[in-house]
């Protein structure tokens, strides 16, 4: 008997480093992003937006715009065919403003024209008369001001009743005796500015009418099916007649969970019966998506003389901006992770998110845990200083471990190797300082050439962070995958994987293929079908570090079913014969938190957790307040690395986003108006601001997850802001209670 | 939008005189941003990239004549970089390598931003701006050319043809403060020269007043010079920084620059 023919797919299984399927096209510039879409005869859509943060709309006059050259449609709220409001979780946001605008940049009207410039010119002829209203711009004062949403859209959903005006959600966690005293107490007030996802690919998409009243929408998004379920009612169409297809995503980070141009493009396309493309420009993109919640946090940590935490008290105030988006879940997360990955016997944690006329906030990488990690880790360092204990040692003494109980009463049944990530990170050798003289670009201030070493001090910071993996609090979350098995012309066995998991750059496409290769080692080739709502059920969102876990679970189930069916048929397929099976994967069920006590009402409110420890070496020009992050070492709890290179990529990227929040990234506003909506003034780290990251992958299998995997995208972002600022405090001796840290604060002005 | 591409300076000047509404453009690193943001809607663009007289640089008896089309990347190259070292250091701080390949000195003068990176190094070398029109050529001291934030003395029919400067040979440096280590608009910047021959200290600040400003003193005033420069500046609070920080940073920068250039 001769040896079986070599199969093409001996490599690229789960656990192996596999080159990204989109690596070459992205590097060569051939990858088609959603902004590159084209259809014959397409029109260009343009959105008229509110110049006010808060105003009453007196009138909208489109009569001057309609006869403009090239114009094919001008639409207002009166033209929305179905439901006038939509929302990711609560339908509180008008498709187009009706009688009031609640934030700067809110969509008011739409134009479609033959050329984008014609659309823009016609848009400028739409006369909207506004009566400006006093904007609510301070989160604390909002709790006593006029209601922005008098119908309280988030009320009646099982959250704690909070009668104060403008509350999106209040979450209170009472754990043990919240008045328990310790031998030592430290406190602080912390603040975080508004961070933007700053994805490079602006909101964009193409809507194509199908000629039968339905619509195909090609768009960069994070969750195809939830887009469909929001779009269809507004168009007054059955969900099946709205098909959402994933277009090339130029970054997401939470900012594409909410809709942008989807309904607008579809309205214009259905009205004109022509394809309509909408691409936001950079300025527009800053108002085109939600941001990370800015926060003010009051924290007190009490510990005994040995450094064991006795009680944590924290009050968190989040500014949700004009609409709810995913603020209710962010509010809860902020409270859930307020204590950090530490065992705490007693706690009182209060988290409130309010409506204001500031830019709307929602999901962004880290999702509530970033804010509290920044405050909590600063507190841990204060405590270490007050006790005279090494900061790493203090964290080890309090590290959570399986079997411990979280402040929500949830018992840790799965993996959470906090002590191990701390030890592994602490063991990474910190490099010696670079000597002098050296090129200015490797000193604080970089190419600005401001120092040859004058004023420069080095600081080392350490931080630990954790957050949940997956959707929480009873959300019925699932992922579908469909696998088609057939023979190709040469008689080879091919598996075609259908999954609507959004590839947002995180590398889930590779994961889907790797799982199929692993589970169907009998096939000669694995193909990945386009991500769409048209051929497969929902995959859920590319969010909450959940997609690798969920989609690999679904593909594995579908593959197992396909394999079983193949065995039943005798182990082979005839030409033309196929097996086509769809399966749904669910993670262990969660249940809501009690609205009064914040305690679990079942076994768990969160599915699972992941943690990371990080050490940062920073050099600070203490006179000018400029920074060079010189080195970062981290150990991250990844469960199981399905594609190790991709995991390292997520750690580096996630870390860079946290470095950005620590040092420079902030949306600035004046009376609710964004004043720095450009990459000239909204700064994100360059290669000179981001050092090499030495990352240790801690593989401690998650018992409830396929292959033991955990999501890896968020923990680095949760921890890095805290770790960077800890290094800056060590270098300057200053408190630095607000991020992004500004040069004047580092310089002590 | 109409784009007109003259092939000679003479043709460019004729077009400029005939159609003052055309926006002169070189690398486009400022003009295209304004167009994108809809801050400007000129009737057309006067593309100066094909005008050979605006390219390159030459030296005649100690007088340098630098064409307006010289890019930052070219400014960074030797031997010009050895002759105007602070200007070369400033060019290194401009945007990214891609921007340095496109952006030009002429464009920086045309924009006349208080944050223009090439302006302080040219001020400390007491450079003149060469302005050409169908009426002829005039030169104007850079200090007199810069009138206010994004305002200069260019007449409606004139083009910036180049820069004339007699390099001082003085030790000099350029520094720029920004919260990011590359690709930033200056929060505050400084060029400084210690001119032993003339026993003069010259400092020019950027982003600390309506125009980049030149401050001079004798070398004997070294101790008080940081304070003198900081006091001469007229910084404001804006989203990039506070007036207090800018003044403080200027003081620090002048101190360090003096140290660097004193030897």
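For segment B:171-262, the relative contact order is 28 percent, taking Cα pairs closer than 8 Å that sit 6 or more residues apart in sequence and dividing their mean separation by the residue count.
Cβ-Cβ distance of residue A:241 and residue B:199, R₀ of 56 Å, FRET efficiency by 1/(1 + (r/R0)^6): the value works out to about 0.10.
Residues of segment A:62-104 falling in the label zone of residue A:56, defined by backbone nitrogen less than 20 Å from a point 7 Å along Cα to beta-carbon, are A:77-78, A:94, A:97-104.
Multiplying the residue separation of residue B:19 and residue B:234 by 0.36 nm and subtracting their alpha-carbon distance yields 73.7 nm.
Here the label points at residue A:78 and residue A:39, each 7 Å from Cα along the C-beta direction, are separated by 2.7 nm in the simple model.
As a test, work out the antiparallel percent of DSSP beta bridges whose residues both lie in chain A, rounded to the nearest 5.
Numbers: 103 of 134 bridges.
Given both bridge residues lie in chain A, the antiparallel proportion sits at roughly 75 percent.
Here segment A:614-749 carries DSSP beta bridges of which approximately 60% are antiparallel, counting only pairs with both residues inside. With the cut-off at 1.5 for a/c, could you classify segment A:36-129 from its C-alpha gyration tensor as rounded, prolate or oblate? Here segment A:36-129 falls in the oblate category.
Within the listed set B:207, B:96, B:133, the Gaussian network model of chain B (springs between alpha-carbon atoms below 10 Å) gives the highest mean-square fluctuation for B:96. For segment B:171-262, the share of DSSP beta bridges that are antiparallel, to the nearest 5, is 100%. In this rough spin-label picture, where each label sits 7 Å from Cα along the Cβ direction, the residue B:138-residue A:561 distance is 8.3 nm. Give the residues of segment A:379-395 whose amide nitrogen is closer than 14 Å to a point set 7 Å from the Cα of residue A:305 in the direction of its Cβ. Residues A:387-388 qualify, since their backbone N sits under 14 Å from the label point. The length gained by stretching the chain between residue A:127 and residue A:146 to full extension, at 0.36 nm per residue less their Cα-Cα distance, is 4.1 nm.
What FRET efficiency comes out for residue B:2 versus residue A:427 if R0 is 56 angstrom and r is the Cβ-Cβ distance? Round to the nearest 0.05.
Numbers: r = 66 Å, r/R0 = 1.18.
Calculated value: 0.25.
Distance from the Cα centroid of segment A:623-652 to that of segment A:720-734 is 17 Å (rounded to whole angstrom).
Could you line up A:651, A:278, A:428 from fewest to most neighbouring Cβ atoms inside 10 Å? Walk me through the numbers on the way to the answer.
Details: A:651 28, A:278 31, A:428 17.
So the residues, fewest neighbours to most, are A:428, A:651, A:278.
Dividing the Cα radius of gyration of segment B:171-262 by 2.2 N^0.38 Å, with N the residue count, gives 1.03.
What does the extension gain come out to for residue A:181 and residue A:692, with contour length at 0.36 nm per residue minus their alpha carbon separation?
Values: separation 511, 0.36 × 511 = 183.96 nm, distance 4.25 nm.
Length difference between fully extended and current span is 179.7 nm.
What the Cβ-Cβ distance of residue A:521 and residue A:603 gives, at R0 = 25 Å and to the nearest 0.05, is a FRET efficiency of 0.10.
Of the residues A:432, B:89, A:146, the one with the fewest other Cβ atoms within 10 Å heads the list, and the complete ranking is A:432, A:146, B:89. Here the contact order of chain A, divided by its residue count and restricted to Cα pairs under 8 Å and six or more residues apart, works out to 16 percent. Counting neighbouring Cβ atoms within 10 Å and putting the fewest first, the residues A:298, A:631, A:549 line up as A:298, A:631, A:549. Can you compute the label reach from residue A:17? Point 7 Å from Cα along the Cβ direction, backbone N cut-off under 15 Å, restricted to segment A:655-679. In segment A:655-679, the label zone of residue A:17 (backbone N under 15 Å from the point 7 Å along Cα→Cβ) covers no residue.
None of the figures in this text is laboratory data; all of them are computed from the coordinates on show. In this text, all values refer to a predicted model and were calculated from it rather than measured experimentally. Please note: Cβ atoms are built from the backbone with ideal geometry, for glycine as well, and neighbour counts cover all protein chains shown.
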